[in-house]
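Remarks on the structure that follows.
The values are calculated or read from the model by the stated rules, or taken from the named source; none is laboratory data. As the structure is a prediction and not an experimental result, all values here were calculated from the model. Note that each Cβ is placed from the backbone with ideal geometry, even for glycine, and that neighbours are counted across all protein chains shown.
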Amino acid sequence: MSKLWKSLSPYFLVTPQTLVFLLFLVFPIALIFIVSFWQFNGYSMTPAFSFENYLSIFTSKVSFATYLNTFKYVLLVWFFCLAIAFPVAYFLAFYIESQTWQIVLFLICTIPFWTSNIIRMISWIPLLGKEGLVNQFLINLGIVNAPLEFLLYSDFAIVLAMVHLYTFFMIAPIFNSLMRIDRNLIAAALDMGASGTQVLKEVVLPLAAPGIAIGSIFVVTLVMGEFVTVQLMGGGQAASVGKLIQTQIGSLQYPLAAANAVILLIVTLILVAGILRVVDIRKEL
């Protein structure tokens, strides 16, 4: 009996997690996949097995432009998050010797998360609006004669808000990777005559690559599904796949929204797989 229990105990231990995984992840995705083949006649859904929803997406210029616009947001937000996160993480890891101060400064980076995303986005409106602080400051200095309209309700505002929201998701894994680097490797490279740039290129960046990859996965997956930021900061004038799905759900086009969700999931998984193909993140796990 004891031998039987020992052989079965691992399965009993993993059962709750497996049930939660199946119930809250696998089952909803499977349901979305099934609904994506249903038909919508304008006021009700009809269970069917039709590729009409997918054909309408692949043949629609609007859908194609929306996906391209989403990829543009992903690329820009990823680039600026990395450009901000790496110097911050590098400074914390290599220039702050006190562990106490490292913790304090790292926690300061988390301050934006003490409020909700919507409040953080709304806080940009008094700054970037036509009568906002930024425009008033530029006008008072004589740099511009009229308010800059592109600062708010534009792609600039959307990218700025997303970078504000998601930079920390890039800082944390990069900082973790940099803290794991053996300082003796850097000392050895310097002793061999390597310059600071060479040390950064040949030692630091390769060892920080897993952290960059993990941060990239976080940022890419979050931006791909964004719709609240696009709606608030775009003023209804910008589009993303997440916003398109929200609009379709609002108009009760659940099969079409489900088809877009399936395509979005597949595209996101392809992007994540591409990142994992380039960088092996198992060192960080």
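Below, the figures for the structure above:
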item	result
Hey, Val144 touching a Leu at 6+ places or on another chain (Cβ under 6 Å), among the β-branched types (Val, Ile, Thr), modelled with pLDDT under 90 and in a loop (DSSP other than H, G, I, E, B) or not	yes
Inter-residue pairs, beta-carbon under 7 Å, first touching a residue at least 60 places away in the same chain (Cβ under 8 Å) and more than 12 Å from Leu152 (Cα to Cα) and in the range 227-246, second of a type in the set (D, E, K, R) and part of a loop (DSSP other than H, G, I, E, B), 6+ apart	Ser240/Glu226; Gly242/Glu226
Selection count where residues are surrounded by 11 or more Cβ atoms within 10 Å (Cβ to Cβ) and either in contact with a Ser or Thr (Cβ under 9 Å, 6 or more places away or on another chain) or without any contact (Cβ under 8 Å) to a residue 24 or more places away in the chain (or both), scope the range 35-46	4
Qualifying position, being hydroxyl-bearing (Ser, Thr, Tyr) and under 22 Å from Ser216 (Cβ atoms), among Thr66, Thr110	Thr110
Hits in the range 102-120 - residues which are of a type outside the set (Gly, Ala, Ser) and either in contact with a helix residue (DSSP H, G or I) (Cβ under 9 Å, 6 or more places away or on another chain) or outside any helix (DSSP H, G or I) (or both)	Gln102, Leu105, Phe106, Cys109, Thr110, Pro112, Phe113, Thr115, Asn117, Ile118, Arg120
Residues satisfying the stated conditions in the range 142-164, i.e. among the polar types (S, T, N, Q) and free of Cβ contacts under 8 Å to residues at least 24 places away in the same chain	Asn145
The range 172-183: number of residues that are touching a helix residue (DSSP H, G or I) at 6+ places or on another chain (Cβ under 8 Å), assigned to a helix (DSSP H, G or I) and surrounded by fewer than 23 Cβ atoms within 10 Å (Cβ to Cβ)	5
